[in-house]
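Okay, so here's the structure we're looking at.
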Amino acid sequence: MSFVKDFRCTLCHQSFAPDNHLLTCPSCGEKGILEIEYDYEAMKKVVNRDYFRNNPDFSMWRYAPLMTIPTDHLSEMLRVGWTPLYRSFRLRKQLGIKELYLKDEGLNPSGSTKDRASGVAVLKAIEIGNKTISCSSTGNAASSLACQAAQMGLDAVIFVPKRAPIGKLTQLSIYGSTLICVDGDYKDTYNLSRDAIAQHGWYNRNAAINPHLVEGKKTVALEIAEQLNFAPTDWVSISVGDGCSIAGVYKGFYDLLQLGLISKIPRLLGVQSEGCCPFVTAYQTKQPLAEADENTIADSISVGIPRNPLKAQNAIAQSKGVWIAVSDEEILKSMAKLGRMEGIFGEPAGVTALAGIEKAIAQGIIKPNETVTMIMTGNGLKDPVNAQKAISPPVILKPDIEILNRYLKEKGVK
Ligand SMILES: *Cc1c(COP(=O)(O)O)cnc(C)c1O
Ligand SMILES: [Zn+2]
């Protein structure tokens, strides 16, 4: 059952009949990113509180009627989504806010929120009969696509910049895709993939270009709302690179508002790293988005030319949200803090949302009486090399109980 009404161009606002082969606006080309619009009146008759209450599928596919996917292969897929939303006790207290929830997206099959988009991409490729699927990625979309393509028997051709962390490269090679490691930055990687996809006719999993993928990413917001019994927090914080994830978060809450299931959309905190923050710069200077350097340890959000700018900026504007930038040092501090206080190990871009929350509290943007959800977008095991910068190296001791006891005393361990 599909409730899709039309595809609308975010640039020229023309609308098009739903068509599985249409990815961007035929008039505007690559920048004409499409928004998928639904018939919410019809959807309401199916998607209501009872629908959720009686749904035994605890994965992102429980939201199939709110997406554009065919449903015939769902039971064969890996379990993506329905990641835990933890209520924080210790960190919340330290931050001095009313509530803090942590959405641990690191527990998806390939360890990041990208699995939500890759799952949809794989289903769409199968639907139109395309056996090869391709994307360019800073690392996580790559390993995620390789993972799910492998499991569903598709070939994947993956483009990554050579700077991608070894953990992510290893992961995607294990899944057995064709890896193209590009001697250039993410922009060069993206452009090469775009040209190759056009020439070879592979299915395009580049999230900005492919409007179905934001529909997958929005399930993280649908889950947050449902896990909070349709009373989401005042704020939701997420790190931003291309802008597809935050666009998806907004879309999920927007859908629920249209369906009458929530009464307001949380304010979104879009967090970038100071080393690469084109959205923050545009917001603060009130200038159009300009290309930025890619110079941060948060590789997943090191995106100099964001490919989904309009949807991302719209997400912040419509939700009365705020853009904020944090330093790499603050990101590393948040990584250690989240591990130490909550038992969650995030990669740099994964914990950036927490650094943003701390800064927003310090600047009075988030108030003590407000509630906040942090989306932890990627697992720390993907990038142990950078994680080492957040900790002190292990001390090696001789196997001697006296030496051990002296060491414990020094450390104050009782
Ligand atoms: C991709 C990614 C993001 C940002 O998503 P965009 O759609 O590029 O804005 C944040 N964190 C992690 C771990 C990611 O992999
Ligand atoms: Zn257009």
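Observations
Condition check ((1) within 15 Å of ligand 1 (Cβ to nearest atom); (2) modelled with pLDDT under 95; (3) charged (D, E, K, R); (4) open to solvent by 40 Å² or more (accessible area, probe 1.4 Å)) across all residues:
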{"site": "Asp328", "(1), (2), (3), (4)": "yes, no, yes, yes"}
{"site": "Lys333", "(1), (2), (3), (4)": "no, no, yes, yes"}
{"site": "Met341", "(1), (2), (3), (4)": "no, no, no, no"}
{"site": "Gly346", "(1), (2), (3), (4)": "yes, no, no, no"}
{"site": "Ala355", "(1), (2), (3), (4)": "yes, no, no, no"}
{"site": "Ile366", "(1), (2), (3), (4)": "no, no, no, no"}
{"site": "Ile375", "(1), (2), (3), (4)": "yes, no, no, no"}
{"site": "Lys382", "(1), (2), (3), (4)": "yes, yes, yes, no"}
{"site": "Ile391", "(1), (2), (3), (4)": "no, yes, no, yes"}
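- Total residues in segment 1-55 satisfying the condition of being within 25 Å of the chain's Cα centre (by Cα), open to solvent by 70 Å² or more (accessible area, probe 1.4 Å) and either within 16 Å of ligand 1 (Cβ to nearest atom) or without any contact (Cβ under 8 Å) to a residue 40 or more places away in the chain (or both): the figure is 2.
- Scanning segment 13-34 turns up at least one residue that is within 16 Å of ligand 2 (Cβ to nearest atom), modelled with pLDDT of 95 or more, of a type in the set (Gly, Ala, Ser) and under 21 Å from Cys244 (Cα atoms).
- Looking across Thr113, Thr170, Thr138, Thr189, one residue alone is without any contact (Cβ under 8 Å) to a residue 12 or more places away in the chain and within 28 Å of Asp293 (Cα to Cα). It is Thr170.
- Here Gly129 passes the criteria (1) in contact (Cβ under 8 Å) with a residue 24 or more places away in the chain; (2) of a type in the set (Gly, Ala, Ser); (3) more than 16 Å from ligand 1 (Cβ to nearest atom); (4) under 25 Å from Gly201 (Cβ atoms) except the one numbered (1).
- Among the conditions (1) of a type outside the set (Ser, Thr, Tyr); (2) away from ligand 1 (no atom under 12 Å from the Cβ); (3) surrounded by 24 or more Cβ atoms within 10 Å (Cβ to Cβ), the only one that Ile224 does not satisfy is (3).
- Cβ pairs under 7 Å, 6+ apart, first in segment 246-258 and farther than 10 Å from Val220 by Cβ and within 16 Å of ligand 2 (Cβ to nearest atom), second open to solvent by less than 30 Å² (accessible area, probe 1.4 Å) and at pLDDT 95 or above: none
- Cross-chain or 6+ apart pairs with Cβ under 7 Å, segment 341-352 first and over 9 Å from Ile301 (Cα atoms), then of a type outside the set (Phe, Trp, Tyr) and near ligand 1 (Cβ under 7 Å from one of its atoms): Gly346/Gly378; Glu347/Ser300; Glu347/Gly378; Gly350/Thr377; Gly350/Gly378; Thr352/Ser239; Thr352/Ile301
- When segment 83-99 is filtered for residues that are more than 27 Å from Ala362 (Cα to Cα) and surrounded by 19 or more Cβ atoms within 10 Å (Cβ to Cβ), only Thr83 remains.
The values are calculated or read from the model by the stated rules, or taken from the named source; none is laboratory data. Quick caveat: nothing in here was measured; it's all calculated off a predicted structure. Ideal geometry is used to build each Cβ from the backbone, glycine not excepted, and the neighbour counts take in all protein chains shown. Only protein heavy atoms, including side chains, enter the accessible area calculation; ligands, DNA and RNA are left aside. Shrake-Rupley method; radii C 1.70, N 1.55, O 1.52, S 1.80 Å.
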